[in-house]
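Report on the structure given below.
What follows draws every value from the coordinates through simple rules; no lab data is involved. Quick caveat: nothing in here was measured; it's all calculated off a predicted structure. Virtual Cβ from ideal backbone geometry, glycine too; neighbours counted across all protein chains shown.
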Amino acid sequence: MESPRSPAVRRYAPEPRPADLRAGDNDRERVAAVLGDALADGRLDHEEHDERVDALYRARTLGELSALTADLLPPEAQPLRTDVRPVAAFFGSEERSGRWVVPTRFTATAICANVKLDLRDALLQSSHVTLHVTVMGGTLTLIVPEGVRIEMPASAFMGGKKNQVPPASPDGPVIEITGVVTLGSIVAKSPKRPRRPWFRR
């Protein structure tokens, strides 16, 4: 009989949904700013604003916070985004930026189009994210913050793969880019550092 401590019978908690992830103080500040704007332009009256601010400071998860602004802004302008829908662009452009949750497995498609995924303020759902891409005659640009490591085993047929992200600690988070690039390109890079002034007083 196997011991209760045996790896064969060990049970692990399921991965939390993006909406169930814990919210931080910066997340609350983003939502509070939207509520303040809604009060100022009359979309919320004072009573509604006070009710939502009270709920804001009681909220523990990203889902509870995002519900407070769902009727105030369109999906692409929300201060927090917990949807995990794939990003796709066909003969156009698409961008995902701001404070959004990057699921453990994510899909992006660019067909004769440009897709930009900005992860500078994003929250990775796990320490190893797999980004599956389909790029045909287009460009997919990935901007990652310092400390994130990029692996790019995606196949390229008459296409390019550029990893411009500086080497990071092997213990840090990893984004693995898989999929196919045909007559297009994938570019992974870090954000530009601010320019220093020519002189100091």
Computed for the chain: size of charge dipole around the Cα centre, +1 on C-beta of each Lys and Arg, -1 on C-beta of each Asp and Glu, debye to nearest 20, value 1280 debye
Sites matching trypsin sites (Lys or Arg not before Pro) across region 101-198 that sit in DSSP coil, with at most 14 neighbouring C-beta atoms within 10 Å
ARG120, LYS192, ARG195
Relative contact order (%) - region 53-201, alpha-carbon pairs under 8 angstrom, separation at least six
19 percent
